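Asker: Here's a structure for you.
The values are calculated or read from the model by the stated rules, or taken from the named source; none is laboratory data. Everything numeric here is computed off the predicted structure, so don't read it as measured data. Reconstructed Cβ throughout: ideal geometry from the backbone, glycine too, with neighbour counts over all protein chains shown. Each accessible area value is taken on the protein alone, full model and side chains, heavy atoms only, with ligands, DNA and RNA left out. Shrake-Rupley method; radii C 1.70, N 1.55, O 1.52, S 1.80 Å.
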Amino acid sequence: MASKQQQIHDLWDGLAEFGPTRVNEALDHAMASLCGIIGAQQACWFGAVRLDCRDDPIDGWRVCAIRYLHPHPERDAAYAEHRRRLERGDIDPSIVANLRHAGRFRVSIQHEIVPPGWYDGEFYRSLFKPFGIRDVCYMATPVNSGLESWFGFERVSPEAPLFGEVERALLERAGRALKWFHRQLALHHGLMIASQPLTPAERRLLSALLGGASEAEIAERLGLTSNTVHTYATRIYRKFGVKGRTGLVALWLGC
């Protein structure tokens, strides 16, 4: 267990080195490190926002940002289908179970929370089995009352062992200290203002703005016109409710 504790310390120390301009690199580092700690082969991050939806079976919670450690186009297609089914009211019981304790830090294991027969049902057969997913361990961190940051860790192959108490304890130990990082992820993806998440182009510009480059330097680096960079920058400031780059940096330093 001592070596696992050292891995956790290395994760914490490593994340602190990335800074606010390399958030997605830090996210990949976190997912890879946590996979190594608990013996998972794939990981994903979800930014989940609570929208104002009346009579909604999952209380308005929707995933507004997602990133896989090992991207795969077929996974993207399966996730898009998952979202379409959710909006039709066809909701995976594992989502309902995971949201039962929304608002609290929690680690849950898929095979423990799904109802009997779930592994023989349509959700598992269409969204998990084609990718060889044996079990998933979820770690959810509330950022505020309307925003949660989730990690999902997968064991892949039919022979893979199920997750258990050892992995749960390791994720609880590693994850409780990372709320600052989840807030940084939410800021980077524009999820602190749930009604207007940042576009991919705005996220690229955000990193450059935080790095201190001038708008002219950013335009040259990204192959954009100065007017386009200024328009994007103004839009970003408006979304975050700040008056300029000084306010944006101050917001990040408050993480």
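Asker: Kindly list the number of the only condition in (1) touching a helix residue (DSSP H, G or I) at 6+ places or on another chain (Cβ under 9 Å); (2) within 22 Å of residue 74 (Cα to Cα); (3) open to solvent by less than 20 Å² (accessible area, probe 1.4 Å) that fails for residue 170.
Answerer: (2)
Asker: Condition first: of a type in the set (Asp, Glu), modelled with pLDDT of 85 or more and under 22 Å from residue 97 (Cα atoms). Now tell me which residues in the range 51-80 satisfy that.
Answerer: 59
Asker: Acidic (Asp, Glu), over 15 Å from residue 39 (Cβ atoms) and within 14 Å of the chain's Cα centre (by Cα) - does that describe any residue in the range 170-180?
Answerer: no
Asker: Look through the range 212-243, keep the residues that are under 15 Å from residue 187 (Cα atoms) and assigned to a loop (DSSP other than H, G, I, E, B), and return whichever of them is most open to solvent (accessible area, probe 1.4 Å).
Answerer: Per the stated criteria, the residue is 241.
Asker: I'd like the residue in the range 102-145 that is part of a loop (DSSP other than H, G, I, E, B) and in contact with a helix residue (DSSP H, G or I) (Cβ under 9 Å, 6 or more places away or on another chain) and, out of all such residues, is surrounded by the fewest Cβ atoms within 10 Å (Cβ to Cβ).
Answerer: Out of the qualifying residues, it is 115.
Asker: Additional query: How many residues, within the range 64-85, are in a strand (DSSP E or B) and over 23 Å from residue 33 (Cα atoms)?
Answerer: 1
Asker: Inspect all residues belonging to the range 141-149 and state whether any of them is of a type in the set (Val, Ile, Thr), closer than 19 Å to residue 76 by Cα and in contact (Cβ under 8 Å) with a residue 24 or more places away in the chain.
Answerer: no
Asker: Taking residue 151 and the conditions (1) within 16 Å of the chain's Cα centre (by Cα); (2) part of a loop (DSSP other than H, G, I, E, B), which numbered condition does it fall short on, given that it satisfies the others?
Answerer: Condition not satisfied by residue 151: (2).
Asker: Among the residues of the range 1-59, how many are loosely packed, with under 14 Cβ neighbours inside 10 Å, in contact (Cβ under 8 Å) with a residue 12 or more places away in the chain and on the phi > 0 side of the Ramachandran plot?
Answerer: Selection size over the range 1-59: 1.
Asker: Report the residue count in the range 67-95 for those that are open to solvent by 60 Å² or more (accessible area, probe 1.4 Å) and within 17 Å of residue 140 (Cα to Cα).
Answerer: Residues meeting the conditions: 1.
Asker: Here's something else I'd like to know. Here is a check on your reading of the model: is residue 161 open to solvent by 50 Å² or more (accessible area, probe 1.4 Å), more than 23 Å from residue 33 (Cα to Cα) and not aliphatic (A, V, I, L, M)?
Answerer: For residue 161, the condition - open to solvent by 50 Å² or more (accessible area, probe 1.4 Å), more than 23 Å from residue 33 (Cα to Cα) and not aliphatic (A, V, I, L, M) - is not met.
Asker: Quick one: residue 184 ticks every box in (1) more than 25 Å from residue 79 (Cβ to Cβ); (2) buried (at least 21 other Cβ atoms within 10 Å of the Cβ); (3) within 15 Å of the chain's Cα centre (by Cα) bar one, so which box is it?
Answerer: The single condition residue 184 does not satisfy is (1).
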